Structures are given as C-alpha cells and as structure tokens.
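Peer 1: Just passing along the structure, written as structure tokens.
The values are calculated or read from the model by the stated rules, or taken from the named source; none is laboratory data. In this text, all values refer to a predicted model and were calculated from it rather than measured experimentally. Here the Cβ positions follow ideal geometry from the backbone for every residue, glycine too, while neighbour counts run over all protein chains shown.
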Amino acid sequence: MNIILLGPPGAGKGTQARHLVETRNMVQLSTGDMLREAKDSGTEMGNLVADVMARGDLVTDEIVIGLIREKLEDTTDHGGFIFDGFPRTLMQATALGELLEATGKPLDHVIQLGVDDEALVARISGRSTCGNCGEVYHDVTKPQPADGKCEKCGASDFKRRADDNEESLRNRLMEYYKKTSPLLGYYYAHNMLTRVDGLADIKEVQDSISKVLDA
Ligand code: AP5
C-alpha cells in the first residue's frame, strides 16, 4: 500500500509516518529528511539547497523528484511507501503518479492532516528530534525523557531544526498555501483524499489513519 501524508509544516506528517513504519513495515520517504541529510553531509546538492531550506522556500521540483526516483528504484521488500512532505507541487504529484504507475503499485490513499495555523506555530516552536534515530519530541506534548536519553534508541543528542523559527515558518506556510494546498483538490478529484483531524492527540490521529488504511 502506498500513501501520501499531506499537510502544512508541523501537521504531524513525520510523527505519523514513523508510527506506520514501526507498525506496518512501511518505508517512510521524507524529502525533507533526504535534503537535510544531503545538507549535513556537505554534498554539492546539499550546499545548493541549504539556503533555500533555511528561508523556508521550496527546493526545485527536479531535485526532489530525482531523490524520490532514486529511492523508489533502490528500495525493495516492504509493506509500501509513505510519502512525507512529497509531493508539494502539481508537477511533483504528476511525476509521482507516473513513477508509481511504472512500478505497478499505484497510490492507494492521500491522507490530509487537518490542523490550524495557531497549533502549527506552537508545535514547530516546541519541536526537537533525536539526532541518532530521528524520533520526534515536543516540549509540551511529548517531552524528551527525564533521563536525557531518547526513548527509542537511548542516544542523548537532541536537535532543533534551523528552519524552525518564526520567520521561516511564516514562509513555509505561505509556500504550503500557494503551491501545496492545490493538491487537496487534485487528489479529491482523483477520489483518493481522506481528511483526518490532525488536532487530535497523537494516538487518536494514529487510530484515524489506521481506520482509513484498514477500511
Ligand atoms: P519538511 O522536512 O518536509 O518539513 P515540513 O513540511 O515543514 O514539515 P515538518 O517536518 O516541519 O512537520 P511534520 O508535519 O512532519 O510535523 P512533525 O511530525 O515533526 O521540509 C523542510 C524543507 O525542505 C521545506 O521547507 C523545503 O525547503 C524542503 N522540501 C522538503 N520536501 C520538499 C519538496 N517535496 N519539494 C520542495 N522542497 C521540499 O510534528 C511537529 C511537532 O508537533 C513535533 O514536535 C510533534 O511532536 C508535535 N506533534 C505531532 N503531532 C501532534 C499531535 N497530534 N498533537 C500534538 N503535538 C503533535
């Protein structure tokens, strides 16, 4: 089963994708994580996208479609793909449709995580992640363990993202409304879109997504 988690920055796409990886043997394909990895390892492409990401602008379609194409070709033996943060433009959505069509395993569901802008600011400003395994925490809703060790892998190296500041977030939201939100209409018209309440607590959102996937 292949699915897209669609929603603005901070909607909970990464949090929900990680749960699906753990419970359903699915593979998370997060273009944001791939780009950050390229940036941290100082590749030519990583250097090229660093400023764009820090500002909260979108990286070019060519780069992200190329990243996804590579992953689809290289990854085998799993319970399906979760596209997290991809597609973000109509061109990316069309490319994804073609790439999946070629694998013979097209898209099954597009799940919209419905949230409001106020909640996003609170979520993004409280977010941290484990630098080793990527587990996502939040200062209020999911605090880092009191012993300072990640609950998933035991590492004690927590990070905050360079683009998790108010100015960049404002820009990320503008980019979402201008370029990504039209995908809601696109997938609705393809009869693939289901909206779940992304403002509910993490476990409730997990349950709502499970209901969609198991229906
Ligand atoms: P990306 O990494 O994709 O970031 P994003 O879309 O801005 O989304 P986030 O990772 O910020 O949020 P999320 O929805 O995953 O929320 P999370 O689960 O962490 O992209 C970064 C940049 O890369 C882009 O700006 C762009 O420059 C570039 N890029 C990436 N993909 C691209 C593409 N396809 N095309 C072009 N450019 C691209 O949750 C947030 C916080 O809330 C956490 O602290 C979490 O614990 C908490 N939380 C989650 N769910 C709940 C809940 N239900 N209740 C309470 N708290 C919750």
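Peer 1: Among the residues of the range 32-46, is there at least one that is more than 10 Å from the ligand (Cβ to nearest atom), at positive phi and not polar (S, T, N, Q)?
Peer 2: Step one: list which residues in the range 32-46 are more than 10 Å from the ligand (Cβ to nearest atom), which gives 37-38, 40-46.
Filter again for at positive phi, leaving 42.
Remaining after also requiring not polar (S, T, N, Q): 42.
Yes, the range 32-46 contains at least one residue that is more than 10 Å from the ligand (Cβ to nearest atom), at positive phi and not polar (S, T, N, Q).
Peer 1: Sticking with this structure for a sec: Could you grab the pairs with beta carbons closer than 8 Å, sequence gap of 6+ or different chains, first residue in the range 187-215 and under 13 Å from THR15 (Cα atoms) and touching a residue at least 12 places away in the same chain (Cβ under 8 Å), second one near the ligand (Cβ under 10 Å from one of its atoms) and acidic (Asp, Glu)?
Peer 2: Partner pairs satisfying both residue conditions: VAL205/ASP197.
Peer 1: Additional query: How many residues, within the range 12-47, are of a type in the set (A, V, I, L, M), more than 13 Å from GLY85 (Cα to Cα) and touching a helix residue (DSSP H, G or I) at 6+ places or on another chain (Cβ under 8 Å)?
Peer 2: Final tally of qualifying residues: 5.
Peer 1: Here is a further query. Only strands (runs of 3 or more DSSP E) wholly contained in the range 122-215 count here; list those with 2 or more residues that are farther than 27 Å from MET53 by Cα.
Peer 2: The strands (runs of 3 or more DSSP E) meeting that bar are 193-197.
Peer 1: So, one more: Here is a check on your reading of the model: is VAL140 among the hydrophobic types (A, V, I, L, M, F, W, C), loosely packed, with under 14 Cβ neighbours inside 10 Å and within 10 Å of the ligand (Cβ to nearest atom)?
Peer 2: Yes.
Peer 1: Between a first residue in the range 67-83 that is surrounded by 11 or more Cβ atoms within 10 Å (Cβ to Cβ) and a second residue that is of a type in the set (Lys, Arg), which pairs have beta carbons less than 6 Å apart while being 6 or more apart in sequence or on different chains?
Peer 2: These pairs meet every condition: GLY79/ARG24.
Peer 1: Considering GLU135, GLU151, GLU167, which residue is under 18 Å from GLY12 (Cα atoms) and out of contact with any His (no Cβ under 8 Å at 6 or more places or on another chain)?
Peer 2: The conditions single out GLU135.
Peer 1: Still on this structure: Just need a number here: residues in the range 1-30 that are free of Cβ contacts under 8 Å to residues at least 60 places away in the same chain and touching a strand residue (DSSP E or B) at 6+ places or on another chain (Cβ under 8 Å).
Peer 2: 5
Peer 1: For the range 117-133, name all the residues that are within 12 Å of the ligand (Cβ to nearest atom) and either within 26 Å of THR194 (Cβ to Cβ) or in contact with a Ser or Thr (Cβ under 6 Å, 6 or more places away or on another chain) (or both).
Peer 2: ALA119, LEU120, VAL121, ALA122, ARG123, ILE124, ARG127
Peer 1: Of the conditions (1) surrounded by 14 or more Cβ atoms within 10 Å (Cβ to Cβ); (2) over 15 Å from LEU58 (Cα atoms); (3) modelled with pLDDT under 95, SER208 satisfies every one except a single condition; which number is it?
Peer 2: Going through the list (1) surrounded by 14 or more Cβ atoms within 10 Å (Cβ to Cβ); (2) over 15 Å from LEU58 (Cα atoms); (3) modelled with pLDDT under 95, SER208 breaks only (3).
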